[in-house]
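Please read the structure below before turning to the comments.
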Amino acid sequence: MFINQKISKFLVIIFCFSIFSSISQTNEDVPLNNIAISEDPKPISSLLFEDFSGNEINLKDYHGKLVIINFWATWCAPCKKEMPSLDNLNGDSNFKNLVVLPINVDKGKKLKAKNFFKNLDIKNLEVFFDPNLNLINKFKLRGVPTTILINKNNEVFARIIGEANFQEKKFLKWLSKYD
């Protein structure tokens, strides 16, 4: 009986140590505090959205690219705050295969979206729209800003919920592994 108690205590200590060490290792790898990284990336199918002129764009056309889809709205203060850093990311010459797709969720307010970019002096991004809610429904969008990261195999591998600084050094280093 005494030996069983010692073995039990030893196993509990080993179990706790393994949990705490795996948590600390996981935290070291997380580039932002509001990012969820998939252990099992999910493939995506053909999804349609539009550019500013109303031309249809298919998400599958970006196969082989690192794709960042950022859902935003003109009335969203965190969106306004993060958009310049997203613009700088898209203009970063260190990334060779990066495509950034900012999808405006303001239904039917194209001119307002264009002025939003103009007022923020956004130079490296285009405005895209999801008029049929294809992407919003597929990614189960719950709020803005939300950012979806898709690897070169057309698999969703991470999601950022809320505002992000896309110029954060730890994030850029982590993202470069997928470029």
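The values are calculated or read from the model by the stated rules, or taken from the named source; none is laboratory data. The structure displayed is predicted, hence computed values, not measured ones. Note that each Cβ is placed from the backbone with ideal geometry, even for glycine, and that neighbours are counted across all protein chains shown.
Any residue in the range 91-107 that's in the same structural domain as ASP61 (by TED's automatic domain parsing) and free of Cβ contacts under 8 Å to residues at least 12 places away in the same chain: show its pairings with residues that are part of a strand (DSSP E or B) and not hydroxyl-bearing (Ser, Thr, Tyr) at Cβ separation under 8 Å, as long as the two are six or more apart or on different chains.
Nothing qualifies.
What's the total number of residues in the range 85-104 that are in a helix (DSSP H, G or I) and buried (at least 18 other Cβ atoms within 10 Å of the Cβ)? Show your work before the answer.
Restricting attention to the range 85-104, the residues satisfying the condition of being in a helix (DSSP H, G or I) are 85-90.
Next, only the ones that are buried (at least 18 other Cβ atoms within 10 Å of the Cβ) stay: 86-87, 89-90.
Selection size over the range 85-104: 4.
Quick one: would you say LEU125 is surrounded by 18 or more Cβ atoms within 10 Å (Cβ to Cβ), within 16 Å of LEU47 (Cα to Cα) and not acidic (Asp, Glu)? Explain how you work it out, then say what you get.
Values: surrounded by 18 or more Cβ atoms within 10 Å (Cβ to Cβ): yes; within 16 Å of LEU47 (Cα to Cα): no; not acidic (Asp, Glu): yes.
In short, no.
Taking the stated definitions as given, is ALA164 surrounded by 15 or more Cβ atoms within 10 Å (Cβ to Cβ), touching a helix residue (DSSP H, G or I) at 6+ places or on another chain (Cβ under 8 Å) and at pLDDT 95 or above? Reasoning before the result, please.
On the way: surrounded by 15 or more Cβ atoms within 10 Å (Cβ to Cβ): yes; touching a helix residue (DSSP H, G or I) at 6+ places or on another chain (Cβ under 8 Å): yes; at pLDDT 95 or above: yes.
Spelling it out, ALA164 is indeed surrounded by 15 or more Cβ atoms within 10 Å (Cβ to Cβ), touching a helix residue (DSSP H, G or I) at 6+ places or on another chain (Cβ under 8 Å) and at pLDDT 95 or above.
Could you pull out the residue among LYS118, LYS138, LYS152 that is farther than 22 Å from GLY54 by Cβ and either in the same structural domain as VAL99 (by TED's automatic domain parsing) or touching a strand residue (DSSP E or B) at 6+ places or on another chain (Cβ under 6 Å) (or both)?
Working: LYS118 fails: farther than 22 Å from GLY54 by Cβ; LYS138 fails: farther than 22 Å from GLY54 by Cβ.
It is LYS152.
For the range 73-90, how many residues are without any contact (Cβ under 8 Å) to a residue 60 or more places away in the chain and among the acidic types (Asp, Glu)? Quick ask: steps written out before the conclusion?
Initial filter on the range 73-90 (without any contact (Cβ under 8 Å) to a residue 60 or more places away in the chain): 74-75, 77, 80, 83-84, 87, 90.
Remaining after also requiring among the acidic types (Asp, Glu): 87.
Count: 1.
Where in the range 1-60 are there strands (runs of 3 or more DSSP E), lying wholly inside it, with at least 3 residues that are within 19 Å of ARG159 (Cα to Cα) and either at pLDDT 95 or above or not assigned by TED's automatic domain parsing to the domain that holds ASN165 (or both)? Please lay out each step first, then the result.
On the way: elements: 35-43, 48-51, 56-58.
Result: 35-43.
Look at the range 128-179 and say how many of its residues are more than 15 Å from ILE44 (Cα to Cα), more than 13 Å from the chain's Cα centre (by Cα), assigned to a helix (DSSP H, G or I) and touching a residue at least 12 places away in the same chain (Cβ under 8 Å).
3
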